[in-house]
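The values are calculated or read from the model by the stated rules, or taken from the named source; none is laboratory data. Bear in mind the structure is a predicted one, so any value in this text is a computation, not a measurement. We place every Cβ from the backbone using ideal geometry, glycine too, and count neighbours over all the protein chains shown.
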Ligand code: ADP
Ligand code: MG
């Protein structure tokens, strides 16, 4: 399988706080990798760096074999152009804990806006794409509704459809179910599971160990801004090699 994402020696500092301390990881085409780690271990910062919502201080990020970010000799300066950054952002979709839908737009409007503004699609082509992706997340019947009339789980599925409509080569999920009422978590996890089974390449930060066990091809445990342990779900969740991984799992089951 070919690599969609490769991260090499990625560092991120916030002033004196050294949050990412040389992350190395890769995600292959069609793979679902789950990132686990305690609060504050750098999971969100890592995902945000991968989408350049935060600028890494050091390291290399390659998407589909194309180098999109690398520090130059000047510390903290990444060698890329704005055009490259925008191209990268379009190829890596991201879903956040907060759905951030536009409240004044209908569901289909929310999904259409990206392809129209960023990909130059016509209204009709964007509407067709929006409907295809709303169907994919099982919420086509809400196309004409406004977000406020939807449950949190439905809104999050719209946010997933919105990211998918950009036809990204991979999807990042940052605790996509953490803001939901417990009874709504399942529908979003099921949507993510279906995407994984469709062959979408996914990097998923979650505390849902059931999802990690049942859906992930690989589990990556982050600790202190480093990849502390990784392996198959069976290896990491059932037979963790390292003490910190065991501590984390004990406190999450
Ligand atoms: P996680 O998602 O694993 O809980 P984060 O990546 O959100 O962890 O945060 C890792 C560390 O970086 C925390 O100590 C957090 O306070 C700090 N941090 C995150 N974002 C910023 C920021 N914009 N400025 C300063 N510190 C930050
Ligand atoms: Mg986080």
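List of remarks:
- With respect to the conditions (1) in contact (Cβ under 8 Å) with a residue 24 or more places away in the chain; (2) assigned to a loop (DSSP other than H, G, I, E, B); (3) farther than 20 Å from residue 53 by Cα, residue 155 falls short on a single one, namely (2).
- Long-range neighbours under 9 Å by Cβ, at least six apart or interchain, first residue on the phi > 0 side of the Ramachandran plot within the range 47-65, second part of a loop (DSSP other than H, G, I, E, B): 52/80; 64/2; 64/29; 64/169; 65/2
- Selection over the range 176-199 of residues that are surrounded by fewer than 20 Cβ atoms within 10 Å (Cβ to Cβ) and assigned to a loop (DSSP other than H, G, I, E, B) gives a count of 4.
- Take the conditions (1) without any contact (Cβ under 8 Å) to a residue 24 or more places away in the chain; (2) not in a loop (DSSP other than H, G, I, E, B); residue 241 misses just one of them, which is (2).
- Every pair of residues 6+ apart whose Cβ atoms lie under 7 Å, when the first sits in the range 69-98 and is over 13 Å from residue 50 (Cα atoms) and more than 16 Å from ligand 1 (Cβ to nearest atom) while the second is modelled with pLDDT under 80 and part of a helix (DSSP H, G or I): none
- Each residue in the range 171-229 was checked for being within 15 Å of ligand 2 (Cβ to nearest atom) and under 13 Å from the mean Cα position of the chain (by Cα), and 10 of them qualify.
- Filtered residues of the range 9-46 (kept if surrounded by 15 or more Cβ atoms within 10 Å (Cβ to Cβ) and in a loop (DSSP other than H, G, I, E, B)): 29, 30, 31, 37, 38, 41, 42
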